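The structure appears right after this line, and notes come after that.
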Amino acid sequence: MRHIISILMENEPGALSRVVGLFSQRNFNIESLNVAPTEDSTLSRLTVTTVGDDRVIEQITKHLNKLIDVVKLVDLTEGNHIERELMLVKVKALGAQRDEVKRTADIFRAQIVDVTPSVYTVQITGDAGKLDAFLQAMAPIGILEVARTGVSGISRGDKILSL
Amino acid sequence: MELLSGADMIARFLKDEGVEYIYGYPGGAALHIYDALFRQDDVKHILVRHEQAATHAADGYARASGKPGTVLVTSGPGATNAVTGIATAYMDSIPMVVLCGQVASHLIGEDAFQETDIVGVTRPIVKHSFSIRHPSEIPTVLKKAYYLAASGRPGPVVVDIPKDMTAPTERYEYVYPKKVKLRSYNPVTRGHTGQIKKAVEMMLKARRPVFYTGGGVVTGQACEGLTDLVQRLGYPITTTLMGIGAYPQSDRQSLGWLGMHGSYESNMAMHHADLIVAIGARFDDRVTNNTSKFCPTAKIIHVDIDPSSISKTVRADVPIVGPAGSVIDEMISLVQGREPANPDALSEWWDKIEGWREERRGKLYDPSEPGEPLKPQQVVETLCRVTRGEAFVTTDVGQHQMFAAQYYKFDKPNRFITSGGLGTMGFGFPAAMGIKLSYPDDDVICITGEGSFQMMMQELSTCKQFGVGVKIVNLNNGSLGMVRQWQDLNYKSRHAHSYMESLPDFQKLIEAYGFTALKVERHEDLEPALERAFAHKDELVFLDIYVDPREHVYPMQVPLGSMRDMLLSKTERT
């Protein structure tokens, strides 16, 4: 099953490589990874999506918790949560395609953020499934380039991941 | 307020931390630190002949004393040479701090002379690592390093020190930090009481219980408590290779050690048990054999300080995260005044165990007669007798390691010192050196083979310089015995590169360093040679003992089988 694990860790050199290294070292899987500092500049928040059965996910969270740089973590998929990813896509936009791209972007509530006579750059946010669906819709028209941020997420309701 | 350079802070810190010996080798990036060590007398530096030996020596000291070992190496090759020793300590959860010189900060990343990203290289084999970024942080970082190395589940910590951090011209305030706190690191101090109660109820109701304990009991200094608990209950106990001596092996309740080359009765008892009480052990593949066939009728209680060890390979029915010592103490207080609920079933269980013991009594190996080649097992048995089972015994890796573990009987913990997890050839001799320096009055023996010994024999020179009187027992079979055994069993005796041609004349070699070497080829010479060797109390003596190269280590678990599937000799299997 797919899990989204969010990690608060020390904003220190080497911390990221320890987390990423752990995954390859223990033969765990990384589907996507996203990391940036938080409002507290000493902490970074890293979100990783991974796939594994319960036993594997238990091992992943245990091993992550063992890393000295990891302060706290939560498996967001254990409860209700909001999952978002941002994607920028360059698609071919010539003649009739220009309208088709615009229409599809509207349906997905995506925005066209840059335009040339032959290319549209589309920005879209949503969960990974929505982004995948948009790519599928664009495929016949011609995808030129894709940049995805990887999944970020947060729990619904009052639950908070902080120190 | 005291102003010190980074290098002087390191020397001062080591003194304040109570470090007695450091093992190391100088080089460009570490020279400021070496100069600081030169100007003090509190911390003794032992100059090894290869950095790997420094880590093994510090490791041996740590295993014998329970305190962290300290290593000092220079950047680049100095640091990479230490890698095998760091990995060895990591696999066996041994506390160690490795101080590595590094090229000056402004050169980092430029492929400077003797530059290696040692923090990167060692990342998967350390508990944690630090890079010093300002000289003023040296005392705190070092304190954190020692705290992390020794607390929780212990392990090696690397501290990378760029040369400019130790420059003699830059001085900063030095205060010894008595305590440090890391917000993200709080090792558990006790187990969950509810879980412990549940475990104790299961223990009292058990009909066929076995204690299975590992290195965690030794590093957790919980051996007395364990012995008390096991004796109160009267249950059988088997330990891992790393846990040898945690419970006196001469006691009736001890089944010896378990696993691939463990005793017949311990593997049989594990397989037939209805309850396994695992403490400070990690169900590794050399113990469990095939996990899908592992102990089919047993419930499992698993106590470990590291949550990631629990249910890693074998699912625990009652997991308890906590240090062995406090969990065992809590178990004792719950057991107090109570009796096991099924005395009849337990006495039947013991009958069964005694039956297994009886089955193999006197059949463990065929002792040879005078005139035939010595058997390695006989050598270890004789060694145990001559030293009254009281020596520190280190080993290298291979057949001799298993024979040492099988035939030397340990009643005390921290006495059998071996590379269990990583299986590092070359470990034994430097480890013995590290122990002997801190335990000068004890007999320290390195049981080795000619293959392993040649991997670290340059340390003879270190022993000469510092007068280290270890005894080296070389079980010389002229081949890489364990490799050869596997080739006999699995490759139709095609001995691909498992023989040792062109062995040196060890006697001459040892004598070249000014030590005594005794060659033993005949039965009748063994005991006198051992007596003679140990009469030289404080001298290094090398015993080159020729043993039968055809001998195999048994029992030996059959691959993919359960714990009870064992070869018992070249012709018998369970």
Q. When you scan the range B:1-75 for helices (runs of 4 or more DSSP H) that lie fully inside it, which ones turn up with 1 or more residues that are more than 24 Å from B:GLU173 (Cβ to Cβ) and under 29 Å from the mean Cα position of the chain (by Cα)?
A. B:51-65
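Please enumerate the residues belonging to the range A:111-129 that are within 12 Å of the chain's Cα centre (by Cα) and either of a type outside the set (A, V, I, L, M, F, W, C) or at pLDDT 95 or above (or both). First the steps, then the outcome.
Here is the first cut: in the range A:111-129, the ones within 12 Å of the chain's Cα centre (by Cα) are A:125-129.
Answer for the range A:111-129, where residues must be within 12 Å of the chain's Cα centre (by Cα) and either of a type outside the set (A, V, I, L, M, F, W, C) or at pLDDT 95 or above (or both): A:THR125, A:GLY126, A:ASP127, A:GLY129.
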Q | Qualifying residues in the range B:213-253 (those that are hydroxyl-bearing (Ser, Thr, Tyr) and closer than 22 Å to B:HIS271 by Cα) - the one nearest to the chain's Cα centre (by Cα) | A | B:THR240
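So is B:PRO154 surrounded by fewer than 18 Cβ atoms within 10 Å (Cβ to Cβ), under 25 Å from the mean Cα position of the chain (by Cα) and modelled with pLDDT of 95 or more or not?
Values: surrounded by fewer than 18 Cβ atoms within 10 Å (Cβ to Cβ): no; under 25 Å from the mean Cα position of the chain (by Cα): yes; modelled with pLDDT of 95 or more: yes.
No: the conditions fail for B:PRO154.
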Q) In the range A:126-163, which residue that is free of Cβ contacts under 8 Å to residues at least 40 places away in the same chain and of a type in the set (A, V, I, L, M) is surrounded by the fewest Cβ atoms within 10 Å (Cβ to Cβ)? A) A:ILE160
Q | Members of the range B:188-235 that are surrounded by 15 or more Cβ atoms within 10 Å (Cβ to Cβ) and under 30 Å from A:SER44 (Cβ atoms) | A | B:VAL188
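Residue by residue through the range B:239-260, note down the ones that are part of a loop (DSSP other than H, G, I, E, B) and under 13 Å from B:GLY214 (Cα atoms). Steps first, answer last, please.
So the first thing to find is which residues in the range B:239-260 are part of a loop (DSSP other than H, G, I, E, B), and the list is B:240, B:244-253, B:258-260.
Once the filter is applied, which keeps residues that are part of a loop (DSSP other than H, G, I, E, B) and under 13 Å from B:GLY214 (Cα atoms), the range B:239-260 yields B:THR240, B:ILE244, B:GLY245, B:ALA246, B:TYR247, B:LEU258, B:GLY259.
Listed here are the residues, each with its yes/no results for (1) in contact (Cβ under 8 Å) with a residue 60 or more places away in the chain; (2) closer than 13 Å to B:HIS56 by Cα; (3) β-branched (Val, Ile, Thr).
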residue	(1), (2), (3)
B:THR394	yes, yes, yes
B:GLY398	yes, no, no
B:ALA404	no, no, no
B:LYS409	yes, no, no
B:ARG415	yes, no, no
B:GLY421	yes, no, no
B:ALA431	yes, yes, no
B:SER438	yes, no, no
B:SER452	no, no, no
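Look through the range B:294-320, keep the residues that are in a loop (DSSP other than H, G, I, E, B) and among the polar types (S, T, N, Q), and return whichever of them is nearest to B:MET260 (Cα to Cα). Explain how you work it out, then say what you get.
Of all residues in the range B:294-320, those in a loop (DSSP other than H, G, I, E, B) come to B:294-298, B:305-306, B:310-317.
Retained after the next criterion (residues that are among the polar types (S, T, N, Q)): B:297, B:311, B:313.
On the way: B:THR297: 20, B:SER311: 21, B:THR313: 16 Å.
Of everything passing the filter in the range B:294-320, B:THR313 is nearest to B:MET260 (Cα to Cα).
On the basis of being out of contact with any Cys (no Cβ under 7 Å at 6 or more places or on another chain), under 26 Å from B:SER151 (Cα atoms) and touching a residue at least 60 places away in the same chain (Cβ under 8 Å), does B:PRO296 make the cut?
Working: out of contact with any Cys (no Cβ under 7 Å at 6 or more places or on another chain): yes; under 26 Å from B:SER151 (Cα atoms): no; touching a residue at least 60 places away in the same chain (Cβ under 8 Å): yes.
Against the criterion (out of contact with any Cys (no Cβ under 7 Å at 6 or more places or on another chain), under 26 Å from B:SER151 (Cα atoms) and touching a residue at least 60 places away in the same chain (Cβ under 8 Å)), B:PRO296 does not qualify.
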**Q.** helices (runs of 4 or more DSSP H) contained entirely in the range B:462-550, each with at least 1 residues that are within 30 Å of B:GLY24 (Cα to Cα)
**A.** B:506-512, B:523-535
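I'm trying to understand the selection: among the residues of the range B:361-417, which are on the phi > 0 side of the Ramachandran plot and either assigned to a helix (DSSP H, G or I) or small (Gly, Ala, Ser) (or both)? Explain how you work it out, then say what you get.
As a first pass, look at the range B:361-417 and keep what is on the phi > 0 side of the Ramachandran plot: B:362, B:371, B:388-389, B:398, B:414.
Within the range B:361-417, B:GLY362, B:GLY371, B:GLY389, B:GLY398 qualify.
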Q: Check the range B:80-93 and report whether any residue there is of a type in the set (Asp, Glu) and assigned to a loop (DSSP other than H, G, I, E, B).
A: yes
**Q.** All positions within the range A:24-56 that are over 19 Å from A:ARG2 (Cβ atoms) and acidic (Asp, Glu)
**A.** A:GLU39, A:ASP40
Q: Report yes if some residue within the range B:320-332 is under 29 Å from the mean Cα position of the chain (by Cα), within 14 Å of chain A (Cβ to nearest Cβ), modelled with pLDDT of 95 or more and crowded, with 20+ Cβ neighbours inside 10 Å; otherwise report no.
A: yes
Q. Would a scan of the range B:190-203 turn up a residue that is out of contact with any Asp or Glu (no Cβ under 9 Å at 6 or more places or on another chain), touching a residue at least 40 places away in the same chain (Cβ under 8 Å), at negative phi and β-branched (Val, Ile, Thr)?
A. no
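Evaluate the following for B:TYR176: is it aromatic (Phe, Trp, Tyr), touching a residue at least 12 places away in the same chain (Cβ under 8 Å), under 28 Å from A:VAL71 (Cα atoms) and within 14 Å of another protein chain (Cβ to nearest Cβ)?
Working: aromatic (Phe, Trp, Tyr): yes; touching a residue at least 12 places away in the same chain (Cβ under 8 Å): yes; under 28 Å from A:VAL71 (Cα atoms): yes; within 14 Å of another protein chain (Cβ to nearest Cβ): no.
No; evaluated as a whole, the condition is false for this residue.
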(Q) Please go through the range B:508-527 and give me each residue that is of a type outside the set (A, V, I, L, M) and at pLDDT 95 or above, ordered by number. (A) B:LYS508, B:GLU511, B:TYR513, B:GLY514, B:PHE515, B:THR516, B:LYS519
Q | Condition broken by A:GLY21, with the remaining ones in (1) within 11 Å of chain B (Cβ to nearest Cβ); (2) free of Cβ contacts under 8 Å to residues at least 12 places away in the same chain; (3) surrounded by fewer than 15 Cβ atoms within 10 Å (Cβ to Cβ) satisfied | A | (3)
Q) Name the residues in the range B:92-120 that are within 14 Å of chain A (Cβ to nearest Cβ) and surrounded by fewer than 18 Cβ atoms within 10 Å (Cβ to Cβ), would you? A) B:SER105, B:ILE108, B:GLY109, B:ASP117, B:GLY120
Q | Selection from the range A:28-43 of residues that are buried (at least 17 other Cβ atoms within 10 Å of the Cβ) and within 19 Å of A:LYS62 (Cα to Cα) | A | A:PHE28, A:LEU33
**Q.** Single unsatisfied condition, B:SER266 versus (1) closer than 30 Å to B:GLY362 by Cα; (2) part of a loop (DSSP other than H, G, I, E, B); (3) of a type in the set (Ser, Thr, Tyr)
**A.** (2)
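Here's a check for you: in the range B:121-138, which residue that is β-branched (Val, Ile, Thr) and touching a residue at least 60 places away in the same chain (Cβ under 8 Å) is surrounded by the fewest Cβ atoms within 10 Å (Cβ to Cβ)?
Step one: list which residues in the range B:121-138 are β-branched (Val, Ile, Thr), which gives B:121-122, B:125-126, B:132, B:138.
Of the ones still in play, those that are also touching a residue at least 60 places away in the same chain (Cβ under 8 Å) are B:132, B:138.
Numbers: B:ILE132: 22, B:ILE138: 26.
The residue in question is B:ILE132.
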(Q) As an exercise: evaluate B:ARG338 against (1) crowded, with 17+ Cβ neighbours inside 10 Å; (2) of a type outside the set (S, T, N, Q); (3) over 13 Å from B:PRO209 (Cβ atoms) and give the number of the one condition it does not meet. (A) (1)
Q: Identify all residues within the range B:121-154 that are within 13 Å of chain A (Cβ to nearest Cβ) and either among the aromatic types (Phe, Trp, Tyr) or on the phi > 0 side of the Ramachandran plot (or both); write none if there are none.
A: B:PHE130, B:TYR147, B:GLY152
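Taking the range A:5-18 as the search range and keeping residues that are over 16 Å from A:ASP53 (Cβ atoms) and part of a strand (DSSP E or B), which one is farthest from the other protein chains (Cβ to nearest Cβ)? Please lay out each step first, then the result.
If we filter the range A:5-18 for residues that are over 16 Å from A:ASP53 (Cβ atoms), which is where we start, we get A:6-18.
Pick out the ones that are also part of a strand (DSSP E or B) and you get A:6-10.
Details: A:SER6: 15, A:ILE7: 11, A:LEU8: 9, A:MET9: 8, A:GLU10: 7 Å.
Once the filter is applied, the top-ranked residue is A:SER6.
Could you say which residue among B:TYR546, B:TYR499, B:TYR513 is among the aromatic types (Phe, Trp, Tyr) and out of contact with any helix residue (DSSP H, G or I) (no Cβ under 9 Å at 6 or more places or on another chain)? Break it down into steps so the answer makes sense when it comes.
On the way: B:TYR499 fails: out of contact with any helix residue (DSSP H, G or I) (no Cβ under 9 Å at 6 or more places or on another chain); B:TYR513 fails: out of contact with any helix residue (DSSP H, G or I) (no Cβ under 9 Å at 6 or more places or on another chain).
It is B:TYR546.
The values are calculated or read from the model by the stated rules, or taken from the named source; none is laboratory data. No experiment lies behind these values; they were computed from the predicted model shown. Note that each Cβ is placed from the backbone with ideal geometry, even for glycine, and that neighbours are counted across all protein chains shown.
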